[in-house]
Every structure is written in structure tokens, then in C-alpha cells.
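Beneath this line is the structure, given in C-alpha cells, with notes to follow.
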Amino acid sequence: MPVYNFAAGPATLPNEVITQIQQELPSINGSGMSILEISHRTPMFDDIINTAKQDLRDLLAIPDNYEIMFFQGGGTGQFAAVPLNLATEHHRIALLDSGHWAARASDEAANLGLTVDTLASTKDTHYDRLPQLTASLPTDTYDYLHITTNNTIEGTAYRDLPQTNGTKLIGDMSSNIMAQRYNVADFDLIFAGVQKNLGPAGVTLVIVKKDLIKPVEHIPNILNYSLFAKKNSMPNTPPVFAIYATGLTLKWLKKQGGVDEMQQRNEKKASLLYDFLDNSKLFRSTVIAPDRSLTNVPFVTGDPELDKAVIADLTDNGLLNLKGHRSVGGLRASLYNAMPFEGVQALVNELYKFEKNH
Ligand code: PMP
């Protein structure tokens, strides 16, 4: 029985990438050493990190005036790094409260002493839709506006970005980077943990306009953009294996046809599941149609006990990790780049069977 892993992250990786890691694990590039053993201060690792950067640039069409950096500390680390590096003028930021991860970003910025203005929130409707700006942003007031392009837990995603009226735009793209096309130049900074669409856990991408990288005093070196830019992301030991495995996944993405191809596949996968849910008498999506995510699909029966029974049935059939986040309940299918169409077909078939028998 094939197994499909619908986890929200760390998440399923392409079989080809896992196989390549397995083959190369004892000896990378004929060196007689494992990637798990090599120093980052080697020409071999320089090549790995520089190739990954170039592949990112190609795949996302990142303009030359943007720097690409690799950090540790996850998206959570960037909730601190972004304010520390960029909120240096007004010490005031704006935020759209689209769910759990936007709220964590808000908490961390406040924790660092910034004023956080939540300009819109959809908390009242359990984040079943995206918050939108209702008035134009005042000029010269905020260091930036923070948005979460895809809300991993609640299952919403921005297609059209808010008009910021000149305020810098920061995107937490942790759960849909390279799963759908965004124009990098519409953002001043993008960050994303790679553990959902691009690789294993352990590395976080930061893509930022070069002219925003300025020396800032009294911030930790490990979160310092200026230092990381100067040292090619290696002022200290980087997550060597995670960067290597991300590099392999980027090559895989290129071979598949890149971001536009991924978006097409992801739209097909998501439509199959949403169409089923919209026609079901037992299950329903928890998100209004125009705001639905391509990568994270929460759904419920309305009865928590029945939800549990569905999850048990799916697990018995090799359809794994479909339990919804505790704040939403129900089920959640994460359909990242490496989830094949056949996996979603198998899921829909099993849900259909379950519905028929109930
Ligand atoms: N932002 C988003 C949108 C996320 O989905 C997550 C994690 N799932 C985070 C931030 C936090 O990332 P990390 O666990 O890598 O710190």
C-alpha cells in the first residue's frame, strides 16, 4: 500500500530527492566523506550554497538588487530578526491578523518593544477569510506592513497583495513559497522556513532588498542581516545538511518545470479536494471560496468524534497526518509541491467511501 504524508511541516519530500540523498550519503562527489561530515569551510560546500542561491534566483526570478540568505531559527527566528533589522526608524509596524502565525509575529514584535498596529483581523470569523486593508496606509508612519501570504493552520492565502501606499511589505511565505507565483519585487522582504515546500527542517530563507541591509547595533549576530549578507550566510556553522537537501529539492523543482508548473499542479490538486468538499453532505471546507489556500486545506464534519473516526480510517489506509491543528480541529490536508496528484486522488476516494458508509 502506498503511503501519502499530508503533514503540515516538516512535510513530504520528492521521492527522487530522498533517493539521491540515500545514494550520496556515504560519499559526496566521490570525496569519501558524507555530507554529514564535511566542513562548511570547503570549496565543496561553497559550491553547494552558491548553487542553491542561483537556483533560488532562477526559480523565483529574484532581481539582482535582492540578497538571498540562509538562517537558522525558523520562521519564529524571523519574527524577531525582521523587526530587529528593519523596524529601526519608526519603531512601529502594521500587521494584518490572518491567523495564528501572524499573531505570533505580532507578539514577538511587541515583545521587542515595538508598537504593532493590527490594521485588520478576521479573528471574529475564526479566520475563515483574509483580512483586507480598508483604508490606504498613512505615509511615513510604519517601518513595514507584515502579512502571512499563506496561513498554514487556517487554510487561507493571498492572491492579490495589499496596496501599501509606499510602506514596505514583508511576507511570511513559509507555507506557500514556490507553490504559487508571487512577484518578488512586490515585497521588500520575504522569509520562509524551507520545511514545507523546499526541503527538510533546519534552514530559513530570507530574500531582502539589498538597500535595506544596514548595520544595526545591539542585535544578536545570529539574527544580523548585515553580517549574514557579508559572510555569505556563514558567520558561523550553517545547517550544512539542510542546505544541501534544499539544493537537491531546488534542482528537482527546476526539472519539473519551476514555479508556474508547480502552481498549475497545485491548483489541480486543490480543486480536486475542494470540489469534493463543496459537493459533500458530510464534509465541508472551513474557508470561503475566494480566499482558499492551495497548500493547506482544513475541513470538518462538524462532529469532533466523527472527525476522529475519519482520521483513523484514513490512517488505516496509508493517508497520514491529516489531523487538523488543535485551534481549528477537524482535518487538514497539506498539499505541498512534493505531494503527487495520486495522493490527493487517494484521499478523495477514501473520504468518498467514508461518506457513503455513514
Ligand atoms: N509562519 C508560518 C506561516 C508557518 O506555517 C510557521 C510554521 N509552521 C511559522 C511561521 C513558524 O515556523 P518555524 O516553526 O520554522 O519557526
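The values are calculated or read from the model by the stated rules, or taken from the named source; none is laboratory data. All values derive from a computational prediction rather than experimental measurement. So basically every Cβ, Gly included, is an ideal-geometry build from the backbone, and we count neighbours across all protein chains shown.
Structure data summary
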quantity: Output for region 297-312, where each listed residue is crowded, with 17+ Cβ neighbours inside 10 Å and of a type outside the set (Phe, Trp, Tyr); calculated: 297, 298, 300, 301, 307, 310, 311
quantity: Count of region 314-326 residues which are over 19 Å from the mean Cα position of the chain (by Cα) and either within 24 Å of residue 246 (Cα to Cα) or in contact (Cβ under 8 Å) with a residue 24 or more places away in the chain (or both); calculated: 5
quantity: Of all residues in region 46-65 being of a type outside the set (S, T, N, Q) and not in a helix (DSSP H, G or I), the one that is nearest to the ligand (Cβ to nearest atom); calculated: 62
quantity: Members of region 62-72 found to be surrounded by 14 or more Cβ atoms within 10 Å (Cβ to Cβ) and closer than 17 Å to residue 190 by Cβ, listed by number; calculated: 62, 66, 67, 68, 69, 70, 71
quantity: Single condition residue 68 does not satisfy, out of (1) outside any helix (DSSP H, G or I); (2) out of contact with any strand residue (DSSP E or B) (no Cβ under 7 Å at 6 or more places or on another chain); (3) in the same structural domain as residue 179 (by TED's automatic domain parsing); calculated: (2)
quantity: Test: residue in region 36-55 that is in the same structural domain as residue 204 (by TED's automatic domain parsing), on the phi > 0 side of the Ramachandran plot, touching a strand residue (DSSP E or B) at 6+ places or on another chain (Cβ under 8 Å) and at pLDDT 95 or above; calculated: no
quantity: Which numbered condition residue 154 fails, given (1) charged (D, E, K, R); (2) surrounded by fewer than 20 Cβ atoms within 10 Å (Cβ to Cβ); (3) more than 19 Å from residue 93 (Cβ to Cβ); calculated: (2)
quantity: All positions within region 269-289 that are touching a residue at least 24 places away in the same chain (Cβ under 8 Å), surrounded by fewer than 13 Cβ atoms within 10 Å (Cβ to Cβ) and in a helix (DSSP H, G or I); calculated: none
quantity: Pick from region 73-90, criterion assigned to a loop (DSSP other than H, G, I, E, B) and more than 14 Å from the ligand (Cβ to nearest atom), ranking: surrounded by the fewest Cβ atoms within 10 Å (Cβ to Cβ); calculated: 89
quantity: Residue that is farthest from the ligand (Cβ to nearest atom) [pool: residues in region 29-45 that are in a helix (DSSP H, G or I) and without any contact (Cβ under 8 Å) to a residue 24 or more places away in the chain]; calculated: 30
quantity: Neighbours by Cβ (under 7 Å, 6+ apart or cross-chain): first from region 229-249, farther than 20 Å from residue 20 by Cβ; second of a type in the set (D, E, K, R); calculated: 229/67
quantity: Region 118-153, residues that are within 24 Å of residue 329 (Cβ to Cβ) and either in a strand (DSSP E or B) or not assigned by TED's automatic domain parsing to the domain that holds residue 176 (or both); calculated: 121, 148, 150, 151
quantity: First in region 300-313 and within 12 Å of residue 284 (Cβ to Cβ), second anywhere and modelled with pLDDT of 95 or more and in a helix (DSSP H, G or I), Cβ under 7 Å, 6 or more apart; calculated: 300/307; 301/307; 301/310
quantity: Verdict on residue 103 being of a type in the set (Gly, Ala, Ser), under 15 Å from residue 170 (Cα atoms) and more than 12 Å from the ligand (Cβ to nearest atom); calculated: no
quantity: In region 221-249, the residues that are in a loop (DSSP other than H, G, I, E, B) and either of a type in the set (S, T, N, Q) or more than 22 Å from residue 54 (Cβ to Cβ) (or both); calculated: 224, 232, 233, 236, 237
quantity: Residue ID - farthest from residue 247 (Cα to Cα), chosen from residues in region 182-215 that are of a type outside the set (Val, Ile, Thr) and touching an Asp or Glu at 6+ places or on another chain (Cβ under 8 Å); calculated: 212
quantity: Qualifying residue in region 176-185 (condition: touching a strand residue (DSSP E or B) at 6+ places or on another chain (Cβ under 8 Å), assigned by TED's automatic domain parsing to the domain that holds residue 114 and more than 22 Å from residue 70 (Cα to Cα)); calculated: no
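This table checks each residue for (1) surrounded by 13 or more Cβ atoms within 10 Å (Cβ to Cβ); (2) closer than 30 Å to residue 299 by Cα; (3) out of contact with any Gly (no Cβ under 9 Å at 6 or more places or on another chain).
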{"residue": "8", "(1), (2), (3)": "yes, yes, yes"}
{"residue": "22", "(1), (2), (3)": "no, no, yes"}
{"residue": "26", "(1), (2), (3)": "no, no, no"}
{"residue": "32", "(1), (2), (3)": "no, no, yes"}
{"residue": "36", "(1), (2), (3)": "no, no, yes"}
{"residue": "39", "(1), (2), (3)": "no, no, yes"}
{"residue": "50", "(1), (2), (3)": "no, no, yes"}
